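Notes for the one structure printed next.
Rule-based calculations on the coordinates, nothing more; no lab input. Since the model is a prediction, treat every value here as computed from it, not as a measurement. As a convention, Cβ positions derive from the backbone with ideal geometry for all residues, glycine included, and neighbour counts pool all protein chains shown.
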Amino acid sequence: MSTTQISLRLGGDLPSSEELTQTLGIKSAKFVRRGERVSKKRVQPVDLWILKLAQFDTVCL
């Protein structure tokens, strides 16, 4: 089985998550600020706002 995901990602120097939600009228699935630790070895280089649009599970024959 394979999973395909479709998402909208905004990256860069972004306003706060609350401001983006109010402006766009949509709450993100994930919001990460530049400088946040995202794993033991990685720090987020830019602000990232992610909106999940769809997910499909497909069977590979």
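Using θ = phi - 60° in the Karplus curve 6.51 cos²θ - 1.76 cosθ + 1.60, the 3J(HN,Hα) couplings for the stretch 45-55 round to x, 9, 5, 9, 10, 10, 10, 7, 9, 6, 9 Hz; x is entered for Gly and Pro.
Model label sites at Leu61 and Ser2, defined 7 Å from Cα along the beta-carbon direction, differ in position by 1.4 nm.
Applying the Karplus relation 6.51 cos²θ - 1.76 cosθ + 1.60 with θ = phi - 60° to the stretch 28-40 yields 3J(HN,Hα) values of 6, 7, 8, 9, 10, 8, 3, x, 6, 7, 9, 7, 4 Hz, where x marks Gly and Pro. Amide hydrogen proximity for Leu14: with H placed 1.01 Å from N in the peptide plane, the residues at 5 or more positions away or on another chain lying under 5 Å are Asp47.
Think of the chain as having a plus end and a minus end, set by charges on the Cβ of Lys, Arg, Asp and Glu; of Gln22, Val43, Thr3, Val43 sits farthest toward the positive end of this dipole. Loop-located GluC sites (Glu not before Pro) in the chain (DSSP state not H, G, I, E or B) with no more than 13 neighbouring Cβ atoms inside 10 Å: Glu36. Within the listed set Ser16, Ser28, Ser39, the residue fluctuating most in the Gaussian network model of the chain (springs between alpha-carbon atoms under 10 angstrom) is Ser39.
Identify which of the listed values of P(r) over Cα pairs in 10 Å bins from 0, in percent was calculated from the structure shown: (1) 20, 39, 28, 12, 1; (2) 19, 37, 27, 16, 1; (3) 18, 28, 29, 15, 6, 4, 1. Label (1) holds the value from this structure. Note that the stretch 8-21 has calculated 3J(HN,Hα) couplings of 9, 10, 10, x, x, 8, 9, x, 4, 4, 5, 5, 5, 4 Hz, one per residue in order, obtained from phi through the Karplus relation 6.51 cos²θ - 1.76 cosθ + 1.60 (θ = phi - 60°); glycine and proline are x.
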